[in-house]
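I have placed the structure first, in the form of C-alpha coordinates, so that the comments after it can refer back to it.
The values are calculated or read from the model by the stated rules, or taken from the named source; none is laboratory data. In this text the structure is predicted, and so the values were computed from the model without any measurement. FYI the Cβ positions are ideal-geometry reconstructions off the backbone, even for glycines, and counts take in every protein chain you see. The accessibility values were calculated without ligands, DNA or RNA, using every heavy atom of the protein model including side chains. Shrake-Rupley method; radii C 1.70, N 1.55, O 1.52, S 1.80 Å.
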Amino acid sequence: MRIAIIGTGNVGGAIARGLTGKGHDLVLGARDPGKVGALAAETGAQVAPPAEAAKRADIVILALPWGAAEAAVRDLGDLAGQTVVDCMNPIGRTAAGMGLTHGHTTSGGEIVQGWLPGALVVKTLNQVGAEIMADTVHLPHPPVMFMAGNDAGAKRKVGLMLADLGFEALDAGDITKARLLEPFGMVWINQALMRGKGRNWAFAAVSA
Ligand SMILES: NC(=O)c1ccc[n+]([C@@H]2O[C@H](COP(=O)([O-])OP(=O)(O)OC[C@H]3O[C@@H](n4cnc5c(N)ncnc54)[C@H](OP(=O)(O)O)[C@@H]3O)[C@@H](O)[C@H]2O)c1
(Lines give C-alpha, C1' and ligand atoms only; values in the text may rest on other atoms or scores of the structure.)
Protein backbone atom coordinates (compact mmCIF):
# COMPACT_ATOMS: atom_id res chain seq x y z
CA MET A 1 0.00 0.00 0.00
CA ARG A 2 1.02 3.61 -0.44
CA ILE A 3 1.12 4.99 3.09
CA ALA A 4 1.54 8.71 3.74
CA ILE A 5 2.75 9.75 7.19
CA ILE A 6 1.85 13.35 8.02
CA GLY A 7 4.00 14.46 10.95
CA THR A 8 7.35 12.74 11.24
CA GLY A 9 8.24 13.14 14.90
CA ASN A 10 8.23 10.37 17.53
CA VAL A 11 5.12 8.62 16.22
CA GLY A 12 5.47 9.26 12.50
CA GLY A 13 9.12 8.17 12.61
CA ALA A 14 8.31 5.04 14.63
CA ILE A 15 5.55 3.97 12.25
CA ALA A 16 7.86 4.52 9.27
CA ARG A 17 10.51 2.34 10.93
CA GLY A 18 7.98 -0.32 11.89
CA LEU A 19 6.66 -0.54 8.32
CA THR A 20 10.08 -0.60 6.68
CA GLY A 21 10.61 -3.76 4.68
CA LYS A 22 6.92 -4.74 4.81
CA GLY A 23 6.30 -4.07 1.12
CA HIS A 24 4.68 -0.63 1.38
CA ASP A 25 5.50 2.60 -0.45
CA LEU A 26 6.06 5.08 2.36
CA VAL A 27 5.81 8.84 1.84
CA LEU A 28 6.81 11.22 4.61
CA GLY A 29 4.68 14.38 4.57
CA ALA A 30 7.02 16.99 6.03
CA ARG A 31 6.73 20.74 6.02
CA ASP A 32 10.53 20.95 6.23
CA PRO A 33 12.00 18.20 4.00
CA GLY A 34 15.48 19.05 5.28
CA LYS A 35 14.54 17.65 8.71
CA VAL A 36 13.57 14.17 7.48
CA GLY A 37 16.50 13.22 5.26
CA ALA A 38 17.94 10.76 7.79
CA LEU A 39 14.55 9.10 8.40
CA ALA A 40 13.94 8.84 4.65
CA ALA A 41 17.36 7.26 4.13
CA GLU A 42 16.78 4.81 7.00
CA THR A 43 13.31 3.73 5.86
CA GLY A 44 13.55 4.11 2.08
CA ALA A 45 10.58 6.49 2.21
CA GLN A 46 9.95 9.30 -0.24
CA VAL A 47 9.56 12.84 1.09
CA ALA A 48 6.89 15.29 -0.09
CA PRO A 49 5.01 18.32 1.20
CA PRO A 50 2.10 17.09 3.36
CA ALA A 51 -0.74 17.72 0.85
CA GLU A 52 1.19 16.07 -1.96
CA ALA A 53 2.09 13.09 0.22
CA ALA A 54 -1.56 12.57 1.16
CA LYS A 55 -2.80 12.62 -2.44
CA ARG A 56 -3.42 9.12 -3.81
CA ALA A 57 -2.24 7.44 -0.58
CA ASP A 58 -4.13 4.26 0.37
CA ILE A 59 -3.70 5.24 4.01
CA VAL A 60 -2.95 8.74 5.33
CA ILE A 61 -1.61 8.66 8.89
CA LEU A 62 -2.03 11.80 11.01
CA ALA A 63 0.74 11.99 13.62
CA LEU A 64 0.57 15.67 14.54
CA PRO A 65 0.44 17.51 17.85
CA TRP A 66 -3.24 18.05 18.66
CA GLY A 67 -2.84 21.81 18.88
CA ALA A 68 -1.50 21.99 15.32
CA ALA A 69 -3.78 19.37 13.87
CA GLU A 70 -6.81 21.29 12.63
CA ALA A 71 -4.87 23.75 10.47
CA ALA A 72 -2.49 21.06 9.22
CA VAL A 73 -5.32 18.63 8.39
CA ARG A 74 -7.36 21.28 6.58
CA ASP A 75 -4.23 22.11 4.53
CA LEU A 76 -4.18 18.53 3.24
CA GLY A 77 -7.19 19.30 1.04
CA ASP A 78 -10.03 16.97 0.18
CA LEU A 79 -9.34 13.39 1.30
CA ALA A 80 -12.84 12.14 0.40
CA GLY A 81 -12.90 8.37 0.03
CA GLN A 82 -9.40 7.95 1.47
CA THR A 83 -8.57 6.00 4.59
CA VAL A 84 -7.18 8.29 7.29
CA VAL A 85 -5.59 6.99 10.50
CA ASP A 86 -5.87 9.34 13.47
CA CYS A 87 -3.31 8.40 16.10
CA MET A 88 -3.49 11.73 17.94
CA ASN A 89 -4.61 12.07 21.53
CA PRO A 90 -6.42 15.37 22.14
CA ILE A 91 -4.25 16.40 25.06
CA GLY A 92 -4.12 19.95 26.34
CA ARG A 93 -4.54 22.08 29.40
CA THR A 94 -7.73 21.30 31.37
CA ALA A 95 -9.09 22.47 34.74
CA ALA A 96 -7.42 19.39 36.28
CA GLY A 97 -4.05 19.92 34.58
CA MET A 98 -2.81 18.33 31.35
CA GLY A 99 -5.29 15.79 30.07
CA LEU A 100 -7.86 14.99 27.42
CA THR A 101 -9.68 18.12 26.28
CA HIS A 102 -12.57 16.10 24.82
CA GLY A 103 -14.29 12.99 26.07
CA HIS A 104 -17.84 12.11 27.06
CA THR A 105 -19.74 13.90 24.32
CA THR A 106 -17.19 13.82 21.51
CA SER A 107 -13.59 12.76 20.92
CA GLY A 108 -10.53 13.70 18.91
CA GLY A 109 -11.42 11.00 16.39
CA GLU A 110 -14.90 12.42 15.82
CA ILE A 111 -13.50 15.94 15.54
CA VAL A 112 -10.99 14.78 12.89
CA GLN A 113 -13.86 13.04 11.04
CA GLY A 114 -15.69 16.39 11.15
CA TRP A 115 -12.70 18.18 9.56
CA LEU A 116 -12.61 15.51 6.82
CA PRO A 117 -16.29 14.66 6.27
CA GLY A 118 -15.74 12.44 3.21
CA ALA A 119 -12.71 10.60 4.52
CA LEU A 120 -12.81 7.16 6.15
CA VAL A 121 -11.27 8.03 9.52
CA VAL A 122 -9.97 5.24 11.75
CA LYS A 123 -8.84 6.02 15.28
CA THR A 124 -5.96 3.77 16.28
CA LEU A 125 -2.25 3.71 17.18
CA ASN A 126 -2.97 6.10 20.06
CA GLN A 127 -2.81 3.40 22.74
CA VAL A 128 0.93 2.77 23.18
CA GLY A 129 4.14 4.75 23.05
CA ALA A 130 5.93 5.37 19.80
CA GLU A 131 8.78 2.96 20.58
CA ILE A 132 6.39 -0.01 20.54
CA MET A 133 5.05 1.06 17.14
CA ALA A 134 8.57 0.79 15.74
CA ASP A 135 9.29 -2.62 17.26
CA THR A 136 6.85 -5.18 18.65
CA VAL A 137 9.09 -8.13 17.83
CA HIS A 138 10.87 -8.09 21.19
CA LEU A 139 7.58 -8.48 23.10
CA PRO A 140 6.60 -12.01 24.20
CA HIS A 141 2.99 -11.64 22.91
CA PRO A 142 1.56 -9.55 20.06
CA PRO A 143 0.17 -6.37 21.65
CA VAL A 144 -3.44 -5.42 21.02
CA MET A 145 -4.41 -2.30 19.09
CA PHE A 146 -8.06 -1.22 18.92
CA MET A 147 -9.57 0.59 15.94
CA ALA A 148 -12.67 2.81 15.82
CA GLY A 149 -14.16 4.01 12.56
CA ASN A 150 -17.35 4.04 10.51
CA ASP A 151 -16.13 2.15 7.43
CA ALA A 152 -15.55 -1.60 7.61
CA GLY A 153 -13.35 -1.63 4.48
CA ALA A 154 -11.10 1.08 5.88
CA LYS A 155 -10.73 -0.84 9.15
CA ARG A 156 -9.83 -4.01 7.22
CA LYS A 157 -7.11 -2.08 5.37
CA VAL A 158 -5.80 -0.48 8.57
CA GLY A 159 -5.96 -3.88 10.30
CA LEU A 160 -3.53 -5.27 7.71
CA MET A 161 -1.16 -2.39 8.36
CA LEU A 162 -1.43 -2.94 12.13
CA ALA A 163 -0.61 -6.62 11.59
CA ASP A 164 2.51 -5.56 9.67
CA LEU A 165 3.47 -3.53 12.74
CA GLY A 166 3.01 -6.69 14.85
CA PHE A 167 -0.28 -5.79 16.55
CA GLU A 168 -3.41 -7.86 17.04
CA ALA A 169 -5.98 -5.45 15.57
CA LEU A 170 -9.40 -5.46 17.26
CA ASP A 171 -12.45 -3.57 16.01
CA ALA A 172 -13.92 -1.33 18.74
CA GLY A 173 -16.85 -0.13 16.62
CA ASP A 174 -17.74 3.17 14.96
CA ILE A 175 -15.84 6.43 15.31
CA THR A 176 -17.75 7.40 18.48
CA LYS A 177 -15.78 4.60 20.19
CA ALA A 178 -12.77 6.91 19.97
CA ARG A 179 -14.33 8.20 23.23
CA LEU A 180 -13.21 4.88 24.73
CA LEU A 181 -9.85 4.59 22.97
CA GLU A 182 -8.52 8.04 23.88
CA PRO A 183 -8.91 7.57 27.67
CA PHE A 184 -7.48 4.07 27.14
CA GLY A 185 -4.41 5.74 25.62
CA MET A 186 -4.21 7.84 28.78
CA VAL A 187 -4.00 4.64 30.85
CA TRP A 188 -0.79 3.78 28.97
CA ILE A 189 0.56 7.32 29.44
CA ASN A 190 -0.29 7.31 33.16
CA GLN A 191 1.45 3.98 33.72
CA ALA A 192 4.45 4.86 31.58
CA LEU A 193 5.12 8.41 32.69
CA MET A 194 3.51 8.87 36.11
CA ARG A 195 3.59 5.41 37.69
CA GLY A 196 7.07 4.29 36.78
CA LYS A 197 6.24 1.43 34.41
CA GLY A 198 8.40 2.92 31.66
CA ARG A 199 7.73 2.88 27.92
CA ASN A 200 8.67 -0.67 26.91
CA TRP A 201 5.29 -2.38 27.29
CA ALA A 202 1.86 -2.58 25.67
CA PHE A 203 -1.60 -4.04 26.29
CA ALA A 204 -2.30 -7.61 25.15
CA ALA A 205 -5.63 -9.42 24.76
CA VAL A 206 -5.38 -12.92 26.19
CA SER A 207 -8.13 -15.47 25.56
CA ALA A 208 -8.60 -19.08 26.62
N1 LIG B 1 4.79 10.16 21.45
C2 LIG B 1 4.08 9.06 21.67
O3 LIG B 1 4.59 8.07 22.23
C4 LIG B 1 2.64 9.00 21.21
C5 LIG B 1 1.95 7.78 21.26
C6 LIG B 1 0.64 7.69 20.77
C7 LIG B 1 0.03 8.83 20.23
N8 LIG B 1 0.72 10.02 20.21
C9 LIG B 1 0.07 11.17 19.57
O10 LIG B 1 0.71 11.33 18.29
C11 LIG B 1 0.77 12.71 17.94
C12 LIG B 1 2.21 13.07 17.58
O13 LIG B 1 3.04 12.88 18.71
P14 LIG B 1 4.63 12.91 18.56
O15 LIG B 1 5.16 12.53 19.90
O16 LIG B 1 5.04 12.16 17.37
O17 LIG B 1 4.89 14.47 18.30
P18 LIG B 1 6.23 15.15 17.78
O19 LIG B 1 7.39 14.25 18.02
O20 LIG B 1 6.23 16.52 18.35
O21 LIG B 1 6.02 15.24 16.19
C22 LIG B 1 5.04 16.04 15.63
C23 LIG B 1 5.27 16.14 14.13
O24 LIG B 1 4.23 16.96 13.57
C25 LIG B 1 4.82 17.89 12.69
N26 LIG B 1 4.00 19.10 12.57
C27 LIG B 1 3.67 19.97 13.55
N28 LIG B 1 2.89 20.94 13.04
C29 LIG B 1 2.75 20.66 11.72
C30 LIG B 1 2.07 21.30 10.65
N31 LIG B 1 1.37 22.42 10.86
N32 LIG B 1 2.14 20.74 9.41
C33 LIG B 1 2.84 19.60 9.21
N34 LIG B 1 3.51 18.95 10.18
C35 LIG B 1 3.46 19.49 11.41
C36 LIG B 1 6.18 18.19 13.29
O37 LIG B 1 6.98 18.73 12.27
P38 LIG B 1 8.23 19.69 12.59
O39 LIG B 1 9.34 18.74 12.93
O40 LIG B 1 8.41 20.41 11.31
O41 LIG B 1 7.84 20.56 13.75
C42 LIG B 1 6.60 16.79 13.74
O43 LIG B 1 7.14 16.06 12.66
C44 LIG B 1 0.24 13.50 19.14
O45 LIG B 1 -1.08 13.89 18.85
C46 LIG B 1 0.27 12.49 20.29
O47 LIG B 1 -0.79 12.69 21.21
C48 LIG B 1 2.00 10.12 20.68
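Taking the range 6-15, which residues are open to solvent by 10 Å² or more (accessible area, probe 1.4 Å) and assigned to a helix (DSSP H, G or I)? 10, 11 - these are the residues of the range 6-15 that are open to solvent by 10 Å² or more (accessible area, probe 1.4 Å) and assigned to a helix (DSSP H, G or I). The set of residues in the range 16-41 being within 9 Å of the ligand (Cβ to nearest atom) and either closer than 16 Å to residue 136 by Cβ or part of a helix (DSSP H, G or I) (or both) consists of 35, 36. Selection within the range 61-85: residues that are in contact with a Ser or Thr (Cβ under 8 Å, 6 or more places away or on another chain) and under 16 Å from residue 114 (Cα atoms). The member of this set that is surrounded by the most Cβ atoms within 10 Å (Cβ to Cβ) is 85. Pairs linking a residue in the range 128-146 that is at negative phi and among the β-branched types (Val, Ile, Thr) to a residue that is at pLDDT 95 or above and not in a loop (DSSP other than H, G, I, E, B), with Cβ atoms under 7 Å and 6 or more positions apart or on different chains, are 128/188; 144/168; 144/170.
Results for (1) more than 20 Å from residue 10 (Cβ to Cβ); (2) free of Cβ contacts under 8 Å to residues at least 24 places away in the same chain, shown as yes or no for each residue.
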residue	(1), (2)
126	no, no
148	yes, no
204	yes, no
208	yes, yes
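Search the range 162-197 for residues being small (Gly, Ala, Ser) and under 20 Å from residue 18 (Cα atoms), and hand back the single one that is least open to solvent (accessible area, probe 1.4 Å). By that ranking, first place goes to 185. For the range 66-100, the tally of residues that are under 15 Å from residue 124 (Cα atoms) and in a loop (DSSP other than H, G, I, E, B) stands at 4.
A quick yes/no check of all residues on (1) farther than 16 Å from residue 173 by Cα; (2) more than 9 Å from the ligand (Cβ to nearest atom); (3) at pLDDT below 95:
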{"site": "65", "(1), (2), (3)": "yes, no, no"}
{"site": "70", "(1), (2), (3)": "yes, yes, no"}
{"site": "77", "(1), (2), (3)": "yes, yes, no"}
{"site": "92", "(1), (2), (3)": "yes, yes, yes"}
{"site": "96", "(1), (2), (3)": "yes, yes, yes"}
{"site": "108", "(1), (2), (3)": "no, no, no"}
{"site": "119", "(1), (2), (3)": "yes, yes, no"}
{"site": "122", "(1), (2), (3)": "no, yes, no"}
{"site": "133", "(1), (2), (3)": "yes, no, no"}
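Taken together, the criteria place residue 114 among residues that are in a helix (DSSP H, G or I), within 26 Å of residue 57 (Cβ to Cβ) and of a type outside the set (Lys, Arg).
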